[in-house]
Amino acid sequence: MTAGPAPTPRATPHASPRSTGHVVDDDTTGVPTFEASGGDWSDIAAEAAALGEERIVVNMGPQHPSTHGVLRLMLEIEGETVTEARAGIGYLHTGIEKNMEHRTWTQGVTFCTRMDYVAPLFQEAAYCLAVEKLLGITDDVPERATVIRVLMMELNRITSHLVCLATGGNELGATTVMTVGFTAREEILKVFELISGLRMNHAYIRPGGVAQDVPPGAVDSVREALVQVRHYLRQLEDIMLANPILQARLKDVGTLSLAGCMALGVTGPVLRSTGLPYDVRKAAPYCGYETYDFDVPVDDGADCWSRLVLRLEECYQSMRIVDQCLDRLAAMPAGPVMVADKKVAWPAQLAIGTDGMGNSLDHIREIMGTSMEALIHHFKLVTEGFRVPAGQVFQTVEHPRGELGVHLVSDGGTRPYRAHFRDPSFNNLQAVSMMCEGGQVADVVVAVASLDPVLGGVDR
């Protein structure tokens, strides 16, 4: 948007009344500067015109395959240089956290899994770990269920990073990067469908354990999938890391220092690209992560290139953890994957059928034709849910985009009194201004892609 022809500037801009609440300061050169504090950009531009300043403010987007219509980037530009950048959010708001207050504790899983839809299993895990803390049953969760949780989360970390790499390549015009990345992701989505019955938004991790055990042959299927994923990752390395055009577009672009990350609360690969090896799996282990052998990759480039390399490295580290999970499952005798307390354990006996996952026929026969007590228990637990002792808890996990936190408050009822998530995409998106201002318009695309934002998690 162009401010238009400038009228005669007022001699004393500070003394004149302004229609907006924006701060106008004169620096040593006598050029007014404007600080936006949440106001409308049209008001800022009008005020700049009244002061005799010509500015060009443009709306940029969609600049990312997942931000069509849901992320508004407002840029002030001089030629090809970005002098000011702001991110406008809130267009995808789904009210998930408020909806969870009106559903049972178990039903809450089906809501939070839909927040960051690229990495649904991490929201499920964080939420269920928090509920289990409130219930005081953390140590009662079967070991087999915990191993399955780690297996599913690490596979999900790989798929999430693949989406980041694939879409980032597509934004730069490298369609082959996108096709290879999504083809690799497809191998793991098949595993998710085999184990949970769904490709995404699984609601597979439940308070007390997981919905059901892995089916026969799942361990071998995961091993076969990893062989294919490694093959595609090598292809991605060949067409990305050795590409001089990609290096020119990413190196020394979108830099964000350690101090900037700490000031903005930025975590995940963006933080680790500054050299700080902060990872919740190491700093505050959960689900037995302290018993797994893996490294936390770091780099000191603090730019888009470093974040690309780190995500590739993290995929290999996740595969190390997955291999250890598979070995444990293979050596572990079949057993329960849900807590023994029937007042908490979801009563359904699930099975994967031709139409997806649902109640097994044996369970239906029991509650409908054999045991009236089982039917009553099933009905009450499904419709009312279990009660959680009054209290509050905060639980964090290492999400593919950074530290994911969940704050739950219980008033002793069958549903959360309050549920709030600290989504890493939301916090990381604050860095858009620091990463983009002073760079080129074309670099905005690269910088936003390196943050790997998912607006479902931002707007919740």
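The values are calculated or read from the model by the stated rules, or taken from the named source; none is laboratory data. It should be emphasised that the depicted structure is a prediction, and the values quoted were computed from it without experimental measurement. Quick reminder, even Gly has a Cβ in these numbers, built from the backbone with ideal geometry, and neighbours come from all protein chains shown. For the accessible areas, the whole protein counts, side chains as well, though only heavy atoms, and no ligand, DNA or RNA atoms are used. Shrake-Rupley method; radii C 1.70, N 1.55, O 1.52, S 1.80 Å.
Numbers for the structure displayed
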| read-out | value |
| --- | --- |
| Net lengthening on full extension, E384/D252 (0.36 nm per residue, minus Cα-Cα) | 42.0 nm |
| Rough spin-label spacing in nm, given labels placed 7 Å along Cα→Cβ, for I364 and E290 | 4.6 nm |
| Candidate residues Y292, Y316: accessible-area rank, largest first, probe 1.4 Å | Y316, Y292 |
| Solvent exposure, largest accessible area first (probe 1.4 Å, DNA, RNA and ligands not counted), of W105, W346, W305 | W346, W305, W105 |
| Portion, in percent, of the accessible area of the stretch 72-225 that falls on carbon or sulfur, probe 1.4 Å | 50 percent |
| Area accessible to solvent at H420, 1.4 Å probe radius, in Å² | 80 Å² |
| Karplus 3J(HN,Hα) series, Hz, for the stretch 162-173 with 6.51 cos²θ - 1.76 cosθ + 1.60 (x for Gly, Pro) | 5, 5, 4, 5, 5, 5, x, x, 5, 4, 8, x |
| Karplus-derived HN-Hα couplings along the stretch 413-421 (A = 6.51, B = -1.76, C = 1.60, θ = phi - 60°), whole Hz, x at Gly and Pro | x, 9, 8, x, 6, 8, 9, 9, 10 |
| Distance in nm between pseudo-label sites at H231 and T94 (7 Å out along the Cβ direction from Cα) | 3.4 nm |
| By accessible area with a 1.4 Å probe, ligands and nucleic acids excluded, highest first: order of M368, M178, M74 | M368, M178, M74 |
| Label-point gap, in nm, between T83 and Q430 - each point 7 angstrom along Cα→Cβ | 2.7 nm |
| Per-residue SASA entry for D323, accessible area with 1.4 Å probe, Å² rounded to 10 | 50 Å² |
| Label zone at D140 (point 7 Å along Cα-to-Cβ), backbone N below 13 Å, the stretch 380-407 | 386-389 |
